[in-house]
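Report on the structure given below.
The values are calculated or read from the model by the stated rules, or taken from the named source; none is laboratory data. From a predicted model like this one, the values you see are computed outputs, not experimental measurements. We place every Cβ from the backbone using ideal geometry, glycine too, and count neighbours over all the protein chains shown. Side chains included, ligands, DNA and RNA excluded: accessible areas come from the protein's heavy atoms. Shrake-Rupley method; radii C 1.70, N 1.55, O 1.52, S 1.80 Å.
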Amino acid sequence: MTGGGEERQRGGGGEEGALQREGTPPANDPSLPATPGVRGESSEVAGRAAGKQGSIVVCPRQRGNPVLKFIRNVPWEFGEVKADYVLGQTTVALYLSLRYHCLHPDYVHQRLGNLGKEFALRILLVQVDTKNPHDVLKDLARICILADCTLILAWSLEEAARYLETYKMYENKPADMLKEKVEQDYISKVTDCLTTVKSVNRTDCITLISTFKTLAEIVESPSDQISLCPGLGPHKARRLQATFQEPFLRNQGSENGREGK
């Protein structure tokens, strides 16, 4: 629910009556509380919305949505935009309360239709605020697949705000910012290699390197010798030996033989 009370349940839009008429609440409605932290509401924001740097542009229909109170790490301002939140030049988000969707199942179709295909990344941010939401979420997942829209679930207002902030903060970041950083020294490379074996952690790797000195010595050591290392034990030792003994390349001939059978 995004409104200020039960009588104003809405899935990211204005009051229920306003949604049915235009989809936008009247600007002078006294029942809609003013939201703190607004930078400005001039119509000039509409022209700057797509290129606005550093700020999330919020549709006026989101006025009174409590999720705005939790957007604290990036600035935001109101602007006349089609989406509920403009997070970048190519990224927008629609906000939907699951409770509201159950009451008005056609609302999401209307909003996605009005949004069109103008943006490369269109997000449907769903606030899960009902019990047993699984069947409804399956239906929303199907809608998003057909509409080429990304579905994101938030289980609290704080989580929903974090998603919006993160998309804005990473707007101009390269993709490799999300990749794990691996140091180039020998110990870091061996640790990165051995931790791919299930249940083997970094502490185990340091123990193995301290005991056997090199990766070659670890690979050539019998499992009973590895199991004597503190924290390893026979279970991890067997898993390491099983991994070391697996072939690096699959036998194409055997695979073809199985396919023929």
Starting from segment 132-160, keep only residues that are touching a residue at least 24 places away in the same chain (Cβ under 8 Å) and within 15 Å of residue 111 (Cβ to Cβ), then list their pairs with residues that are in a strand (DSSP E or B) and open to solvent by 20 Å² or more (accessible area, probe 1.4 Å) whose Cβ atoms are within a distance under 8 Å, requiring at least 6 positions of separation or different chains.
140/151; 150/121
Criterion: within 21 Å of residue 169 (Cα to Cα), over 16 Å from the mean Cα position of the chain (by Cα) and either open to solvent by less than 10 Å² (accessible area, probe 1.4 Å) or at pLDDT 90 or above (or both) - qualifying residue of 149, 59:
59
Take residue 200 and tell me if it is touching a helix residue (DSSP H, G or I) at 6+ places or on another chain (Cβ under 9 Å), in contact (Cβ under 8 Å) with a residue 40 or more places away in the chain and surrounded by 12 or more Cβ atoms within 10 Å (Cβ to Cβ).
yes
So which residues in segment 75-96 are under 17 Å from the mean Cα position of the chain (by Cα) and open to solvent by less than 40 Å² (accessible area, probe 1.4 Å)?
85, 86, 87, 88, 91, 92, 93, 94, 95, 96
Would you confirm whether or not segment 112-135 contains a residue that is part of a helix (DSSP H, G or I), among the acidic types (Asp, Glu) and either crowded, with 18+ Cβ neighbours inside 10 Å or within 22 Å of the chain's Cα centre (by Cα) (or both)?
yes
Odd one out for residue 68 among (1) crowded, with 20+ Cβ neighbours inside 10 Å; (2) at pLDDT 90 or above; (3) not in a helix (DSSP H, G or I):
(3)
